[in-house]
Amino acid sequence: MSNLIYKLNPMPEKIPQEKLDRLAKLETATIGHFYHYGFAAPAIQPVLPGKVVVGTLATLAIPGLDSTLLHHCLSQCGPGYFLAVDRLGDTKYACWGGGVTRMAAMIGLEGGCVDGPHTDTAEIADQDFAMWSRGASPVTTRLYNTGGGFNVPVSIGGAAVLPGYAVLADDCGVLFIAPEDLDEVIERGEFLTERGRVNEAKVTGGLHLGEMSGATKMVEEKTKG
């Protein structure tokens with residue numbers, strides 16, 4: 001019976017650091033121009049602005065009032081990992097606050113994401129910890145020992161993700177990338193980033209956006225008398 005209450009899987013293999021270093025130089029918004037999978041809903045926003053985090057995904061799924069498994073499993077994470085918490089539909093009870101943040105920072109966790117609210121915003125800021133959530137709530141979870149899953153498939157802001165995915169989180173949101181897509185996503189992202197730098201220089205130099213993008217030509221063709 002206990003395996004139906006708690007589903008506990010080992011930590012996933014880490015994404016190679018060389019790939020994460022390249023991913024960290026990209027923006028979620030750049031990848032959003034061509035990749036359609038793994039983006040958490042825009043409602044999941046950074047608690048602290050200006051953070052850019054990459055890592056290997058560890059996952060947790062815990063029911064509304066109970067954060068027992070979060071307290072138990074947090075120590076299994078550490079440097080190189082990003083923990084995403086599926087709240088199984090709950091949007092009221094905050095499982096992640098000052099105490100969890102202090103522990104996460106102490107073990108070197110790269111960052112965290114909750115598909116639900118956080119609490120203790122000031123303490124998260126005091127720890128300077130990279131955290132994403134659906135906003136703040138004063139109502140917190142308890143230790144009820146009702147169950148949950150660690151490193152299981154989860155849904156985070158509508159994105160279906162697995163432990164071991166690569167994570168890129170920044171001011172625009174959180175992106176989870178399947179390992180089999182990562183090389184192509186990085187290469188395409190690097191190409192678009194460089195092209196963006198060239199285009200920005202052209203606009204700064206006086207080229208109008210509509211001319212550069214082709215929008216002006218499209219409108220003019222439609223409005224010819």
- Item | Degrees separating the helix 179-204 axis from the principal Cα axis of the chain, which is the longest one | 40 degrees
- Task: Compute the Cα gyration tensor for the stretch 39-149, then decide on rounded, prolate or oblate, letting a ≥ b ≥ c be the square roots of its eigenvalues: rounded whenever a/c is under 1.5, prolate when a/b is larger than b/c in the other cases, and oblate in all that remain.
- Result: rounded
- Message: If packing is taken as the average number of other Cβ atoms within 10 Å across a peptide's residues, how do 167-180, 34-47 rank, most packed first?
- Response: 167-180, 34-47
- Note on the structure: Shape call for the stretch 135-225, from the Cα gyration tensor axes a ≥ b ≥ c (a/c under 1.5 means rounded, otherwise prolate when a/b beats b/c, else oblate), comes out prolate
- How long is the gain from residue 13 to residue 107 if the chain were fully straight, where each residue apart is worth 0.36 nm and the alpha carbon distance is subtracted? 32.1 nm
- Surface share of carbon and sulfur [accessible, 1.4 angstrom probe, percent] for the stretch 95-180: 53 percent
- Note down the nm distance, to one decimal, between modelled labels 7 Å out along Cα→Cβ at residue 180 and at residue 220. 4.7 nm
- Cα long-axis angle, helix 98-107 against the chain (0 to 90 degrees, to the nearest 10): 80 degrees
- Message: What percentages make up the Cα-Cα pair-distance distribution of the stretch 96-187 when the bins are 10 Å wide from 0?
- Response: 14, 42, 36, 8, 1
- Taking the dipole about the Cα centre of the stretch 1-116, with the C-beta of Lys and Arg at +1 and of Asp and Glu at -1, give me whichever of 40, 61, 83 is farthest to the positive side. 83
- Query: Which residues' amide hydrogens lie under 5 Å from the amide hydrogen of residue 159, considering only partners 5 or more residues apart or on another chain, with H built in the peptide plane?
  - Reply: 41
- Task: For residue 120, tell me the accessible area in Å² from a 1.4 Å probe, rounded to the nearest 10.
- Result: 60 Å²
- Report the trypsin sites (Lys or Arg not before Pro) located in the stretch 131-225 that are in a DSSP loop and have at most 16 other Cβ atoms inside 10 Å of their Cβ, or state none. 224
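Per residue, how much accessible area does the chain have with a 1.4 Å probe, in Å²?
Computed with neighbouring chains in place, this is 51 Å² per residue.
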- Query: Going through the stretch 93-134, which chymotrypsin sites (Phe, Trp or Tyr not before Pro) have at most 14 other Cβ atoms within 10 Å and a DSSP loop state?
  - Reply: none
- Message: Considering all projection directions equally, how large on average is the shadow of the alpha-carbon convex hull of the chain, in square nanometres?
- Response: 15.4 nm²
- Rg(Cα) of the stretch 46-91 divided by 2.2 N^0.38 Å? 1.28
- Where does the charge balance sit around residue 28 when Lys and Arg score +1, Asp and Glu -1, over other residues with C-beta under 15 Å from its C-beta? -1
- Message: Over the stretch 4-92, what is the relative contact order in percent, taking alpha-carbon pairs closer than 8 angstrom and at least six residues apart?
- Response: 33 percent
- Task: Would you mind estimating how fast the stretch 1-53 diffuses translationally, via Stokes-Einstein at 4 °C and 1.567 mPa s with the Kirkwood radius over Cα pairs, in µm²/s?
- Result: 88 µm²/s
- Query: Over the chain, what is the relative contact order in whole percent, taking alpha-carbon pairs under 8 Å and six or more residues apart?
  - Reply: 30 percent
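The values are calculated or read from the model by the stated rules, or taken from the named source; none is laboratory data. Every value quoted in this text rests on a predicted model; they were computed, and no experiment measured them. Ideal geometry is used to build each Cβ from the backbone, glycine not excepted, and the neighbour counts take in all protein chains shown. Areas reflect the complete protein model, heavy atoms only, side chains present, ligands, DNA and RNA absent. Shrake-Rupley method; radii C 1.70, N 1.55, O 1.52, S 1.80 Å.
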